Structures are given as structure tokens and as C-alpha cells.
Amino acid sequence: TSPLVNTVRDGQDMSRRLEQMGYEVLQHRDVDSGAFVSAVHEFHTSLRPGDEAFFYFAGHGLQYQSDNWLISTDEPKNELEVKQKAVSAQDVLSGMEQRRCRFSVLVLDCCRQYHAFPGMNRAFGSGGLAEMQAPAGSYIAFACAPGELAKDGMEYGLDNGVFTHYLLQHIDAPIDIDSMFIRVRRDVLKHTNGQQNQYTNS
């Protein structure tokens with residue numbers, strides 16, 4: 001599948017910013033499927049009731065059977081391997097909810113075109129990720145609207161994906177999270193000439 005040049009830098013820059021904001025950060029990059037599952041488990045077990053939890057992923061993702069799957073370095077080569085080698089975004093969110101966090105945020109910068117194997121049937125979306133419903137006390141942010149594709153940022157000369165570029169600019173603003181993402185959405189739309197519409201659900 002197509003390489004994503006900016007994703008490692010996206011994760012590093014986001015980790016650095018969250019640490020500056022006072023978060024305890026668990027950072028993983030370029031992990032295979034086993035290490036990815038372990039990293040998500042480590043994240044969930046680190047959470048305590050009343051915590052604010054923030055999960056950020058940059059990389060390849062795909063929509064399969066109406067669920068969103070986050071891809072590790074050992075990409076699925078066929079449909080049967082999707083659930084074996086990818087992590088369900090819904091499972092990540094459900095794990096935060098089960099830990100009784102005060103507030104949970106799931107940020108997915110992975111709505112790019114993904115063609116790891118031929119013959120993707122109708123179980124897969126045509127492009128981008130599926131919409132997700134946010135349970136009470138949670139907030140979901142996508143790089144772009146459901147079914148659409150995000151820009152990696154290279155074509156604009158950016159060192160980050162377009163969505164992450166503006167998220168880094170606004171995430172520490174002293175405003176509520178809805179207002180912050182409105183600023184991000186406005187700037188992403190402007191930068192991409194209306195081609196990418198950042199999307200949230202809460």
C-alpha cells in the first residue's frame with residue numbers, strides 16, 4: 001500500500017505536545033500486530049476511574065464490515081487477516097469506557113486510501129472510515145468525514161498530515177474541545193480548498 005511519510009512525525013509531535021500539556025504519554029510507532037494489541041492493552045490498563053484519556057493514531061486504516069480497523073506494520077494480505085492483524089477502533093474506545101474514564105477522546109488521522117490487497121468486496125467501504133457513535137463522556141475526531149479521504153500533507157509541503165498540522169496548532173488553546181475542533185476544521189477546509197472536511201462526534 002502507499003507509504004505515509006508524515007505519520008511517524010505526526011505521532012512524535014503529538015506525543016510531545018500532550019506531554020507539554022501535562023498528560024502521561026505512552027508512545028509506540030512502527031509496531032506489528034502483536035505489539036499493537038499489547039500497546040492498546042497497556043494503554044487501557046494504565047487508565048484509572050476519573051482519568052481523562054486521549055488516544056491518537058496516525059497511519060493506515062480501513063473500513064471493514066461497518067467497523068474501522070487500524071493497521072499495523074504487518075498489513076493484512078486478504079480479507080480473512082483483517083481481524084487478525086488490525087485493531088478495532090471501536091475496541092479502543094470501548095476499553096476507555098470500561099475503565100470508567102471521566103472523559104475519553106479518540107483521534108484518528110488515518111482516513112487515507114488503502115489498497116493492501118486486491119478484490120476488496122462490498123464488506124469494505126469505498127474509501128475512508130465509517131462513522132462511529134460516541135458513548136456518553138467521549139469524543140471522537142476523524143481527520144475527515146466518514147467515507148472521505150485525508151491528505152498526508154506532503155503535497156502541501158507540510159511536515160505533518162494536514163489534520164494533525166492544525167490539531168497541533170490549536171489543541172492547547174484555552175477553549176472547550178468543540179470550539180477547538182471547529183478551529184481545526186476551518187483551517188483544514190481552507191488549506192485543502194474544501195477537499196477535506198474534518199469530522200467529530202460526541
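The values are calculated or read from the model by the stated rules, or taken from the named source; none is laboratory data. Because the structure is predicted, anything quoted here is derived from the model rather than measured. Here the Cβ is made from the backbone with ideal geometry for all residues, glycine too, and neighbour counts use every protein chain on show. Just the protein is used for accessible areas: all its heavy atoms, side chains included, with ligands, DNA and RNA removed. Shrake-Rupley method; radii C 1.70, N 1.55, O 1.52, S 1.80 Å.
Per the helix-only calculation at 222 nm, which mean residue ellipticity applies to the chain, given -39500 (n - 2.57) for every DSSP H run of n ≥ 4 and division by its residues, nearest 500 deg cm²/dmol?
-10000 deg cm²/dmol
Select from Ser33, Met14, Thr192 the residue farthest towards the positive end of the dipole of the chain; place +1 on Cβ of Lys and Arg, -1 on Cβ of Asp and Glu, and compute about the Cα centre.
Towards the positive end, the residue furthest out is Thr192.
Compute the FRET efficiency between Ile175 and Asp30 as 1/(1 + (r/R0)^6), taking r as their Cβ-Cβ distance and R0 = 25 Å, and round to the nearest 0.05. Show your work: numbers first, answer last.
Numbers: r = 34 Å, r/R0 = 1.35.
The pair Ile175/Asp30 has a calculated efficiency of 0.15.
Note down the magnitude of the dipole of the chain about its Cα centre, charges +1 on Lys and Arg C-beta and -1 on Asp and Glu C-beta and zero elsewhere, to the nearest 20 debye.
Working: 18 positive and 26 negative charges, 53 e Å.
Using only the charged Cβ atoms, the result is roughly 260 debye.
Cβ neighbours within 10 Å, averaged per peptide: list 23-32, 77-86 in order, most packed at the top. Can you show the working numbers first?
Details: 23-32: 13.3, 77-86: 15.2.
Ranked by mean Cβ neighbours within 10 Å, highest first: 77-86, 23-32.
Leaving out ligands and nucleic acids, note down the accessible area per residue over the chain with a 1.4 angstrom probe, in whole Å².
Working: 9890 Å² over 202 residues.
For the chain, the per-residue accessible area is 49 Å².
Please report the carbon-and-sulfur percent of the accessible area for the chain; probe 1.4 Å, protein heavy atoms only, DNA, RNA and ligands left out. Mind showing how you got there, number by number?
Numbers: 4550 of 9890 Å².
In the chain, the share of accessible area belonging to carbon and sulfur is 46 percent.
Can you tell me, using C-alpha contacts under 8 Å and at least 6 residues apart, the relative contact order of the chain as a whole percent?
Values: 367 pairs, mean separation 43.1, N = 202.
Result for the chain is 21 percent.
Nearest 0.05, what FRET efficiency do Asp91 and Asn193 give at R0 = 30 Å with Cβ-Cβ as r?
0.25
Could you check the spin-label model distance between Glu52 and Lys83? Points 7 Å from the Cα along Cα→Cβ, value in nm.
It is 3.7 nm.
Name the long-range amide H neighbours of Phe54: under 5 Å, sequence gap of 5 or more, or other chain; modelled H, no Pro or chain starts.
Val105
Once the Cβ-Cβ distance between Val8 and Ser38 is put in as r, and R0 is 30 Å, what FRET efficiency do you end up with, to the nearest 0.05?
Working from the Cβ atoms, E equals 0.95.
Strictly over 29 Å apart at the Cα level, which of Lys85/Lys151; Lys83/Lys151; Lys83/Lys190 would you flag in this model?
Result: Lys83/Lys190 exceed 29 Å.
Using only the alpha-carbon atoms, what does the chain span along each of its principal axes? Please give whole angstrom values in decreasing order.
Principal-axis extents of the chain (Cα, largest first): 47, 40, 27 Å.
For Ile182 and Arg102 in the same chain, what is the full-extension length gain: residue separation times 0.36 nm, less their Cα-Cα distance, in nm? Walk me through the numbers on the way to the answer.
Numbers: separation 80, 0.36 × 80 = 28.80 nm, distance 2.25 nm.
Taking Ile182 through Arg102 to full extension adds about 26.6 nm, to one decimal.
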